[in-house]
Amino acid sequence: MQQDLLAALDTGHGLVLVTGPTGQGKTTAIAAALADQLCPANVVFSGDLRDVESAFRAVSLARERTVLAVLRIHRAADAFGRLRDMGIPAADVADVAH
């Protein structure tokens, strides 16, 4: 996973979501990957997207930087729908998705 994560961070800008259920090591994996490598200057770690405000902030930042965030869902395929359920417009998610 570390190599995939580091490759995703080298995209210039956009939203990189690490997904999975609670307690499965998402944040730990991110910390390990970033500790092993020098984090690029354009990368922002947003943390957990648990509420509307944090999701809007992450999507907004992702237009100019690469934003790394955790989304607690069981299936990565559900990430788009979860952000939409939080009130993020589909066009905004599409703008920052890779």
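The values are calculated or read from the model by the stated rules, or taken from the named source; none is laboratory data. Worth saying up front: this structure is predicted, and the values here are computed from it rather than measured. Cβ coordinates were reconstructed from backbone atoms using ideal geometry, including for glycine residues, and neighbour counts include every protein chain displayed. To get the accessible areas, we keep the full protein, side chains included, count just its heavy atoms, and leave off ligands, DNA and RNA. Shrake-Rupley method; radii C 1.70, N 1.55, O 1.52, S 1.80 Å.
Can you give the net charge of the other residues whose Cβ lies under 11 Å from the Cβ of Val16, counting K and R as +1 and D and E as -1? Each step should come with its number before you reach the end.
Values: positive: Arg65; negative: Asp4, Asp10.
In short, -1.
Return the FRET efficiency for the residue pair Asp4, Leu38: r is the Cβ-Cβ distance, R0 is 22 Å, and the value is rounded to the nearest 0.05.
After rounding, the FRET efficiency stands at 0.80.
Enter the accessible area per residue of the chain (Å², integer; probe 1.4 Å; all protein chains in place).
Numbers: 5580 Å² over 98 residues.
Here the residues of the chain average 57 Å² of exposed surface.
Just checking my list (1) 7.9; (2) 5.5; (3) 6.4 against mean projected area of the Cα convex hull in nm² computed from this structure; which label fits?
Comparing each candidate, only (2) matches the computed number.
Quick check: residue separation of Phe45 and Asp78 times 0.36 nm, minus the Cα distance between them. What number comes out in nm?
That pair, Phe45 and Asp78, stretches by 9.8 nm at full extension.
Semi-axes of the equivalent ellipsoid for the range 27-72, please: Cα gyration tensor eigenvalues, times 5, square-rooted, ordered largest first, whole Å.
19, 14, 5
Take each complete run of DSSP H in the chain, measure how far its Cα atoms stretch along the helix's own axis, and keep only those covering 15 Å or more with mean Kyte-Doolittle hydropathy at least 1.6; list them. Intermediate results must be reported in sequence, preceding the final value.
On the way: long enough: 26-36 (16 Å, 0.77).
Taking the DSSP H segments of the chain (at least 15 Å long, mean hydropathy at least 1.6), we get none.
Based on Cβ point charges of +1 for Lys and Arg and -1 for Asp and Glu, what charge dipole magnitude is obtained for the range 49-98 about its Cα centre, in debye rounded to the nearest 20? Can you show the working numbers first?
Working: 8 positive and 7 negative charges, 34 e Å.
With Lys and Arg at +1 and Asp and Glu at -1, about 160 debye.
Counting pairs of alpha carbon atoms under 8 Å apart in space and at least six apart in sequence, what relative contact order in percent does the chain give?
Here the relative contact order equals 39 percent.
Subtracting the Cα-Cα distance from 0.36 nm times the residue separation, let me have the gained length for Ala90 to Thr28 in nm, one decimal.
The Ala90-Thr28 span can extend by a further 19.4 nm.
Probe radius 1.4 Å, ligands and nucleic acids ignored: give me the carbon and sulfur share of the accessible area of the range 5-98 as a rounded percent.
52
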